[in-house]
Amino acid sequence: MQPTILVVDDEASIRNVAKAYLEHAGYRVLCATTGPEGLQMALEDQPDLIILDLMLPGMDGMEIAARLREHSDVFILMLTARSDEMDRVAGLRVGADDYLTKPFSPRELVARVEAILRRRRGKPAKSSIMRFTHVEIDPDTREARAAGQLLELTPTEFDLLLALARNHNRVLSREDLIEKVWGADFYGTDRVVDVYVSQVRRKIEALTGENLIRTARGVGYRFVDTPA
């Protein structure tokens, strides 16, 4: 079945170019021009990935991403005309899986979509549930719990936690995590890793009161929960 991509952008030129290149690459493409329309189509059509502009009429991309994360773990590639790092970080914090700054190469857009979809869920290396004192992780169902409560994680956040847990108490550098979570096709800087670690750490700590992902000598991170 063809993966479905939803492009949400109020610029006709962006929509038309993205649609043409993505369809040529074999994807089914839907388009929306406003924030509310994009959110409705995302919820109703359930695409495999959403290309979401940051600045949209009616509702901006940040709000759409935040609302989607209340209901869905769909992949989100954020588009922004701004080069400011804070905008990119904010997009990642509300649940975007990647970002691309305008103007961009249509070929790079397709490459990023392909790279994200290659991380499609449902192929864990281990099938057994991983149990720790504070955290329980099920790679098959892609659910994690902290202090018995379900952790509300985005797909990328779950992959990050799983990678850290599978390497329990071993220091993983940012480069290690990029390779394990994002893969060889990763675009961007290692700042992305710091943002996601911060998000996962915060969500676990909110339920357990414990800092279970420690910064290790400034070179990486390690998961310090004790195996049950």
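Residue count for segment 1-32, restricted to those that are surrounded by fewer than 19 Cβ atoms within 10 Å (Cβ to Cβ) and part of a strand (DSSP E or B): 3. Looking at VAL171, VAL197, just one residue is aliphatic (A, V, I, L, M), at pLDDT 90 or above and touching a Gly at 6+ places or on another chain (Cβ under 9 Å), and that residue is VAL171.
The values are calculated or read from the model by the stated rules, or taken from the named source; none is laboratory data. Just so we're clear, the structure is a prediction, and the values are computed from it rather than from any experiment. Please note: Cβ atoms are built from the backbone with ideal geometry, for glycine as well, and neighbour counts cover all protein chains shown.
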